[in-house]
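For reference, the structure is listed below as C-alpha cells.
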Amino acid sequence: MTKKIIAFGASNSKNSINKKLATYTATLFTHSDIEILDLNDFEMPIYSIDIEKETGIPQLAHDFYTKIGNADLIIISLAEHNGSYSTAFKNIFDWNSRINNKNFQGKDMLLLSTSPGPRGGMSVFETAKDRFPRHDANIVGSFTLPSFNDNFSEEEGIKNEELKKELLAVVNSIEL
C-alpha cells in the first residue's frame, strides 16, 4: 500500500538547503507518494488577531492544514533564523493553529534540520522537538545535518558516510 509523504523545508528561500534535505530524505522512502511543498506557495499576511477578525483565516492556511491532514508522514527540515523558526514557517504555523491548535493532526513526523554551521540548526531543532508534540505531532524520527555545504551535494545527497548511515537508519526505523 502506497503511503503519502509531505516534505518541506521550513524556509521561504528559493534555494533552501532545508528544502533540499527534506526532498532528499523523502526520496529514501520506498513505496511512497511524495509531495514536496514550497512555503512560498502559502504566503499569507503576518498573523494578527485583528486580521483574523476582519477577514478570517486565509484559504492558504486551510489548504496547508488539509495537506498535513492527508499525509501519512510529514518530513520537515527546519531552517534556523536567529535561533528560532523562520518567519515564513512560523506564520503558517500560527495561522494553522487558529484552525486547530493540534495542527499536526496526530501525524507521524520525521524532524530534520540543517544549517551551514557546525550545529546544524540545533537550537530550532530542540525547540521543535519540545513544541511540536504539543501540537499533536508524533515525532517518530529525527536527524540534524551539520555544515550543510561540506556534507551535502545535489548529485550525491549526504556525502559524509557516517551521517548518511545515521539518516538511513532513521528512515529504515520508520519505513512506511
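What follows draws every value from the coordinates through simple rules; no lab data is involved. The structure presented is a predicted model; accordingly, all values stated were derived computationally and were not measured. Heads up, the Cβs are rebuilt from the backbone with ideal geometry, glycines too, and the neighbour counts pull from every protein chain shown.
Sorting the segments 71-80, 85-94 by their mean number of nearby beta carbons within 10 angstrom, highest to lowest, gives 71-80, 85-94. For the chain, the longest principal axis of the Cα atoms and the long axis of helix 17-27 meet at an angle of about 70 degrees.
With contacts defined as alpha carbon pairs under 8 Å and 6 or more residues apart, what's the relative contact order of region 99-176 in percent? Value for region 99-176: 33 percent.
May I ask for the net charge around residue 158, where only other residues with Cβ less than 14 Å from the Cβ of residue 158 are counted and Lys, Arg are +1 while Asp, Glu are -1? Walk me through the numbers before you get to the answer.
Values: positive: 20, 159, 164, 165; negative: 150, 154, 155, 156, 161, 162, 166.
Here the charged neighbours net out to -3.
Under the classification rounded if a/c is under 1.5, otherwise prolate if a/b is larger than b/c and oblate if not, where does the chain fall, given a ≥ b ≥ c as square roots of the Cα gyration tensor eigenvalues? Prolate, because a/c is 1.5 or more and a/b exceeds b/c.
Kindly state, to the nearest 0.05, the FRET efficiency for residue 60 paired with residue 126, given R0 = 30 Å and r defined as their beta-carbon distance. Don't jump to the answer; show the numbers that get you there.
Working: r = 29 Å, r/R0 = 0.96.
Step by step, r from the Cβ atoms, then E = 0.55.
Taking label points 7 Å from Cα along the Cα-to-Cβ direction, residue 174 and residue 13 give a separation of 2.2 nm.
Averaging the sequence gap over all C-alpha pairs within less than 8 Å and six or more residues apart, then dividing by the number of residues, gives the chain a relative contact order of 23 percent.
Full extension of the chain segment joining residue 135 with residue 87 gains 15.5 nm, where the gain is 0.36 nm per residue of separation less the Cα-Cα distance. Taken about its Cα centre, region 3-174 carries a charge dipole of about 320 debye when Lys and Arg each add +1 at the Cβ and Asp and Glu each add -1 at the Cβ.
So what is the calculated 222 nm ellipticity per residue for the chain, using -39500 (n - 2.57) for each DSSP H run with n of 4 or more, over all residues, to the nearest 500 deg cm²/dmol?
Numbers: 7 runs with 70 residues, N = 176.
Value at 222 nm, helices only, nearest 500: -11500 deg cm²/dmol.
Most simply put, the chain has about 10% antiparallel DSSP beta bridges, counting only bridges with both residues inside it.
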